[in-house]
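Colleague: Take this structure, written in structure tokens, and hold onto it; I'll ask about it next.
The values are calculated or read from the model by the stated rules, or taken from the named source; none is laboratory data. What you see is a predicted model, and the numbers here were worked out from it, not measured in a lab. Please note: Cβ atoms are built from the backbone with ideal geometry, for glycine as well, and neighbour counts cover all protein chains shown. Areas reflect the complete protein model, heavy atoms only, side chains present, ligands, DNA and RNA absent. Shrake-Rupley method; radii C 1.70, N 1.55, O 1.52, S 1.80 Å.
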Amino acid sequence: MTGHGFSRREALKKTASAAAALAAAPYINRNRYRLFAWSETEYSARAVKLMRESDVLDMLGLLSLGPSQDKWMRNPDSFTDADLREFRDSGINVFHTATGTGGPDVYERTLWFLSGFNGFVAAHTDAFARIDSHDDFARAKQAGKIGIILGVQNSEHFRTLKDIENFYALGQRISQLTYNTRNFIGSGSTERKDEGLSDYGIAVVLKMNELGMAVDTGHCGDRTTLDAFEFSKRPALITHSNCRALNPGHPRCKPDEVIRACGKAGSVMGITGVRNFVKGSEPTTIEDVLNHFDYVAKLIGVEHVGVGSDIDLHGYDAMPPEQYKALKAGYKGSYAFRDKVDIEGLDHPKRMFDLTEGLIRRKYSDADITGILGGNFMRVLKEAWTPLPAEKKGG
């Protein structure tokens with residue numbers, strides 16, 4: 001007998017019965033997972049699944065804002081297994097790695113930049129693949145490689161129309177018509193006056209259409225952007241910008257007229273996570289970034305919105321102090337930099353997981369999120385990269 005008034009055999013039977021009942025009970029899974037052993041952050045099963053199954057494109061995602069990228073270009077062997085692990089863990093399949101070039105030696109600087117990336121990719125063919133065509137997206141993903149789209153955030157290196165052919169041959173597939181200032185093509189977003197595309201600028205756009213190089217207007221002034229959408233025979237892109245309606249007066253944000261032109265062209269606008277582009281006052285949070293996705297989706301349709309983060313994996317605030325200070329000093333006051341450039345939650349290598357969680361919170365469907373993460377830009381790049389048929393050439 002036990003001290004509770006029933007036999008040992010009865011006690012064992014009760015224990016076995018309780019164990020069987022527990023085994024039969026439904027398994028409670030919070031459907032949240034820690035993806036990385038060193039991080040306490042948990043992501044929902046839905047977000048993890050969407051990130052795993054989607055083609056995730058950052059249409060302005062630099063490999064490094066600091067000195068690392070230059071080091072990797074000059075000496076590809078300096079890129080370590082630990083560096084590669086960060087890129088793989090990010091969940092981003094494809095990076096559009098455009099940088100801004102300009103000045104009296106712009107041709108040589110741009111030539112060095114693109115050649116350096118070609119050398120880097122060639123030295124790491126086990127990990128990276130250059131994306132030259134729409135079919136390359138699937139090939140790179142199937143091979144487990146990170147895709148690199150070569151682009152430039154200015155077109156000053158197109159001294160003649162022949163230069164466009166030469167840089168296309170080097171692998172350039174996207175060219176932003178201007179950076180923030182005026183060039184022979186058009187005007188940038190912080191230029192005092194914007195008179196739109198020049199005659200030469202229109203010729204540049206049409207030559208890019210002819211070859212199958214995508215036209216980017218991310219930093220262009222409003223009139224220049226509208227002209228690009230008007231004259232381009234292929235959808236022009238807005239790879240990385242934000243909505244002026246949500247951040248009034250900021251030159252790097254696009255007004256409704258421009259956003260509507262993007263939708264009319266069947267194109268896509270990439271949303272950045274740059275603090276001063278997102279909101280003009282504090283607090284500025286990931287929810288404010290999500291407001292920009294919502295705004296574009298409601299104005300022209302969710303199929304016309306994507307991601308152009310405009311940072312590297314760690315963000316601007318992680319840059320070496322002197323370089324960070326020089327970066328801010330290189331822009332006009334209208335950029336309205338504050339103490340921080342990055343936004344908490346989107347300032348780390350896993351930011352796309354956090355963005356996906358945010359889109360889930362905003363009640364987007366799986367299909368919508370897959371499009372935002374990359375499918376929408378892939379669709380429009382297929383069209384933009386299709387060379388213009390001979391019968392449609394000309395102005």
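Colleague: Is it the case that region 68-84 has a residue that's under 30 Å from Glu156 (Cβ atoms), among the β-branched types (Val, Ile, Thr) and modelled with pLDDT of 90 or more?
Modeller: Checked against the condition, which is being under 30 Å from Glu156 (Cβ atoms), among the β-branched types (Val, Ile, Thr) and modelled with pLDDT of 90 or more, region 68-84 yields no hits at all.
Colleague: A further question on this structure: Leu65 is checked against (1) open to solvent by less than 20 Å² (accessible area, probe 1.4 Å); (2) in contact with a Phe, Trp or Tyr (Cβ under 9 Å, 6 or more places away or on another chain) and fails just one. What number does that condition carry?
Modeller: (1)
Colleague: List the number of the failed condition for Ser281; all other conditions in (1) free of Cβ contacts under 8 Å to residues at least 24 places away in the same chain; (2) small (Gly, Ala, Ser); (3) not in a loop (DSSP other than H, G, I, E, B) hold.
Modeller: (3)
Colleague: Now, a different point. Which of the residues that make up region 219-255 are within 21 Å of Lys207 (Cα to Cα) and in a helix (DSSP H, G or I)?
Modeller: Arg223, Thr224, Thr225, Leu226, Asp227, Ala228, Phe229, Glu230, Phe231
Colleague: Okay, next question. I'm told Gly345 meets every condition in (1) among the small types (Gly, Ala, Ser); (2) part of a helix (DSSP H, G or I); (3) at positive phi except one. Can you identify the failing condition by its number?
Modeller: The number of the failed condition is (2).
Colleague: In region 115-128, is there at least one residue being closer than 21 Å to Leu327 by Cβ and surrounded by fewer than 22 Cβ atoms within 10 Å (Cβ to Cβ)?
Modeller: Yes, region 115-128 contains a residue that is closer than 21 Å to Leu327 by Cβ and surrounded by fewer than 22 Cβ atoms within 10 Å (Cβ to Cβ).
Colleague: Taking only region 284-326 into account, find how many residues are hydroxyl-bearing (Ser, Thr, Tyr), free of Cβ contacts under 8 Å to residues at least 60 places away in the same chain and not in a helix (DSSP H, G or I).
Modeller: Of the residues in region 284-326, 1 are hydroxyl-bearing (Ser, Thr, Tyr), free of Cβ contacts under 8 Å to residues at least 60 places away in the same chain and not in a helix (DSSP H, G or I).
Colleague: Scan region 169-183 for residues that are hydrophobic (A, V, I, L, M, F, W, C), over 11 Å from Ser155 (Cα atoms) and out of contact with any Leu (no Cβ under 6 Å at 6 or more places or on another chain) and report the count.
Modeller: Within region 169-183, residues that are hydrophobic (A, V, I, L, M, F, W, C), over 11 Å from Ser155 (Cα atoms) and out of contact with any Leu (no Cβ under 6 Å at 6 or more places or on another chain) number 1.
Colleague: May I pose another question? Given the structure, is Lys325 within 18 Å of Asn247 (Cα to Cα), surrounded by fewer than 21 Cβ atoms within 10 Å (Cβ to Cβ) and of a type outside the set (S, T, N, Q)?
Modeller: No; evaluated as a whole, the condition is false for this residue.
Colleague: Out of all the residues in region 45-54, which are in contact with a strand residue (DSSP E or B) (Cβ under 7 Å, 6 or more places away or on another chain) and buried (at least 17 other Cβ atoms within 10 Å of the Cβ)?
Modeller: Once the filter is applied, which keeps residues that are in contact with a strand residue (DSSP E or B) (Cβ under 7 Å, 6 or more places away or on another chain) and buried (at least 17 other Cβ atoms within 10 Å of the Cβ), region 45-54 yields only Val48.
Colleague: Which pairs do you get when a residue that is within 25 Å of Asp135 (Cα to Cα) and open to solvent by less than 10 Å² (accessible area, probe 1.4 Å), found in region 206-230, comes within reach of a residue that is modelled with pLDDT of 95 or more and part of a helix (DSSP H, G or I), reach meaning Cβ atoms under 6 angstrom, with the pair 6+ apart or on two chains?
Modeller: Close Cβ pairs satisfying both conditions: Met213/Tyr168; Ala214/Ala384; Val215/Val205; Val215/Met208; Val215/Ala228; Thr217/Thr225; Thr217/Ala228.
Colleague: I'd like to know if region 186-203 contains one or more residues that are under 20 Å from Ser267 (Cβ atoms), open to solvent by 20 Å² or more (accessible area, probe 1.4 Å) and part of a helix (DSSP H, G or I).
Modeller: yes
Colleague: Could you list all residues from region 256-277 that are over 23 Å from Thr181 (Cβ atoms), assigned to a loop (DSSP other than H, G, I, E, B) and hydrophobic (A, V, I, L, M, F, W, C)?
Modeller: Correct list: Ala265, Val268.
Colleague: Give the residues of region 341-365 that are among the small types (Gly, Ala, Ser), in contact (Cβ under 8 Å) with a residue 12 or more places away in the chain and open to solvent by 20 Å² or more (accessible area, probe 1.4 Å), sorted by residue number.
Modeller: Gly345
Colleague: Being open to solvent by 20 Å² or more (accessible area, probe 1.4 Å) and in contact with a strand residue (DSSP E or B) (Cβ under 8 Å, 6 or more places away or on another chain) is the filter here; which residues of region 68-94 pass it?
Modeller: Arg88, Asn93
Colleague: List the number of the failed condition for Thr272; all other conditions in (1) among the hydroxyl-bearing types (Ser, Thr, Tyr); (2) open to solvent by less than 10 Å² (accessible area, probe 1.4 Å); (3) farther than 15 Å from Ile238 by Cβ hold.
Modeller: That leaves (3) as the condition not met.
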